[in-house]
Amino acid sequence: MAKKNTTYYCTACGYESSGWLGKCPSCGGWNTFEEKINIPKAKSGSGAGVGQGWLGDLLDEDSAKEESLLTLDNVHGEAASYFSSGINEFDRVLGGGFVPGSLVLVGGDPGIGKSTLLLQASAHAKTTGPILYICGEESPQQVKLRSDRLQIKDSGIKLSTEVVFEKLAVIISKLKPRLVVADSIQTLYSDQTGSAPGTPNQIRDVAAGFLRLAKKLGTTIILVGHVTKTGNLAGPRILEHMVDTVLYFEGDKYSSLRLVRAVKNRFGPTNEVALFEMGERGLMPVENPSEALLESMPQQVPGSALSVIVEGTRPLVIEIQALLNTTSYPSPLRMAQGLDRNRVSMLMALLEKQTNMTLTNMDTFINVVSGLQADDPATDLALLAAITSSYKNLPVRAKTLFCGEVGLTGEIRPVSRLSDRLKEASNLNFEYIFLPGSAKREVQKLDLASGLEVIFVDQVQEALDICF
Ligand code: TYD
Ligand code: MG
């Protein structure tokens, strides 16, 4: 009897194994293995010759002839010709606009504004060709209601409710649109893939199909993906590798500020961000984000400290809040939102060692206001100030910013993009800014506004002594 040619693979990370496994040795996921039936390849020609080993078949292939290869110097291509999405903030995060033939993944929590932004972009995109919006999630009536709300008129957007990829491929090949929005990838499925819609296997196959379409037709295709509770898109690792650009929505669903971050971009800078405000008429670009963030900020309360971070090309003032309370559990709670939890633990350990504060019996809650994710290490000093402020129940000085990375020995380390940060601080009329001592020479070279006093500190203890 012929042996069935099957392998098993992890639906979360793609790891393959010859037998079924309960736990994936690569990503540690449980119960993620599915069977994959391998279609045997047609044998070509003579087969492996003696001494050629497994290369035998390949060496006979016609496709390996030299004429089938290109020489880099002879490849003629125009520089990426972008077309605008009609929304400046969105163009910036895309690296200049949509690149024809590119595949873009837009991820985020449900209800954060993905469909809203993409409908706006479809309506305002500066392109003459047709635009196709695949509404896999909502009915055309729902999309129409949203477009009315966004006051979109005469956009000419084509809608499709088809969810089978093979049929969509035919529609797209005939229509030859310039822009396709697939909202969402989780609702589409391929007839040729055995599993149910939304499974990582399906998502991978459908995305691969879109990738081929995008490259073949030169169409920009945007895939919308929901993020699972753990913060990952379903099947994320597979998708992130396949697409050209990955954009993630950040922000708190219940506040109006939304941040779109480019975590991968083959055509532009990564880590660029766009800031929007969700309003009556959809997502509006925020001209002055720091001011918007500062507006709701409480004045002079314990447990709050401000820092200025650099997101992409723009500086941004953020508020870090800390709440410390004596625990009633055997091991205290440590929660951090918007900052890396391990970094918070490390800085608390350092604080405990370098000062006389006892933090081991304290429940600690840390939050970056507005739901932003602040990965900039320059926030370290502000975090320590917020924790100390909550612990001592004393507010930090008014109109003060903290900027400095903290090392394991308590030294304050240099931060990048100093002039951008200082410019933002003086634009917003801050009076004091704590900076690393090593930045002194650079600051002296800058022409600083007179209202801003720079306080240079070399050690955590020194900064806290000045502050409290
Ligand atoms: P939506 O774009 O449907 O989110 P997603 O596609 O990411 O799931 O956004 C839905 C939310 O946005 C919903 O809570 C209503 C709100 N919203 C506005 O506040 N103003 C508007 O003009 C629109 C269209 C939506
Ligand atoms: Mg949606």
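The values are calculated or read from the model by the stated rules, or taken from the named source; none is laboratory data. Since we're looking at a predicted model, the values are computed, not measured. Ideal geometry is used to build each Cβ from the backbone, glycine not excepted, and the neighbour counts take in all protein chains shown. Heads up: the accessible areas ignore ligands, DNA and RNA and are worked out on the full protein's heavy atoms, side chains in. Shrake-Rupley method; radii C 1.70, N 1.55, O 1.52, S 1.80 Å.
Annotations
- Residue match in region 135-148 (condition: open to solvent by 60 Å² or more (accessible area, probe 1.4 Å), at pLDDT below 95 and near ligand 2 (Cβ under 9 Å from one of its atoms)): yes
- Within region 144-165, residues that are under 21 Å from Thr127 (Cα atoms) have Cβ atoms under 8 Å from residues that are open to solvent by 80 Å² or more (accessible area, probe 1.4 Å) and at pLDDT below 95 in these pairs: Leu150/Arg281; Gln151/Arg281, counting only partners at least 6 apart in sequence or on another chain.
- For Ala439, the stated conditions do not hold, so it cannot be described as in contact with a Phe, Trp or Tyr (Cβ under 6 Å, 6 or more places away or on another chain) and among the aliphatic types (A, V, I, L, M).
- Residue in region 77-118 that is surrounded by the fewest Cβ atoms within 10 Å (Cβ to Cβ), counting only those that are within 21 Å of Val206 (Cβ to Cβ), among the aliphatic types (A, V, I, L, M) and within 16 Å of ligand 1 (Cβ to nearest atom): Leu118
- Members of region 173-186 that are more than 16 Å from ligand 2 (Cβ to nearest atom) and within 28 Å of the chain's Cα centre (by Cα): Pro177, Arg178, Leu179
- Some residue of region 190-211 being open to solvent by 60 Å² or more (accessible area, probe 1.4 Å) and either in contact with a Pro (Cβ under 6 Å, 6 or more places away or on another chain) or among the hydroxyl-bearing types (Ser, Thr, Tyr) (or both): no
- The set of residues in region 122-133 that are more than 12 Å from ligand 2 (Cβ to nearest atom) and out of contact with any Phe, Trp or Tyr (no Cβ under 6 Å at 6 or more places or on another chain) comprises Ala123, His124, Ala125, Thr128, Gly129, Pro130, Ile131, Leu132.
Residues checked against (1) more than 16 Å from ligand 2 (Cβ to nearest atom); (2) surrounded by fewer than 23 Cβ atoms within 10 Å (Cβ to Cβ); (3) modelled with pLDDT under 90:
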{"position": "Lys153", "(1), (2), (3)": "yes, yes, yes"}
{"position": "Lys158", "(1), (2), (3)": "yes, yes, no"}
{"position": "Ala234", "(1), (2), (3)": "no, yes, yes"}
{"position": "Asp244", "(1), (2), (3)": "yes, yes, no"}
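- Scope region 160-172; condition within 16 Å of ligand 2 (Cβ to nearest atom) and open to solvent by 80 Å² or more (accessible area, probe 1.4 Å); matching residues: Thr161
- Region 11-48 - residue that is among the aliphatic types (A, V, I, L, M) and modelled with pLDDT under 80 and, of those, surrounded by the most Cβ atoms within 10 Å (Cβ to Cβ): Ala12
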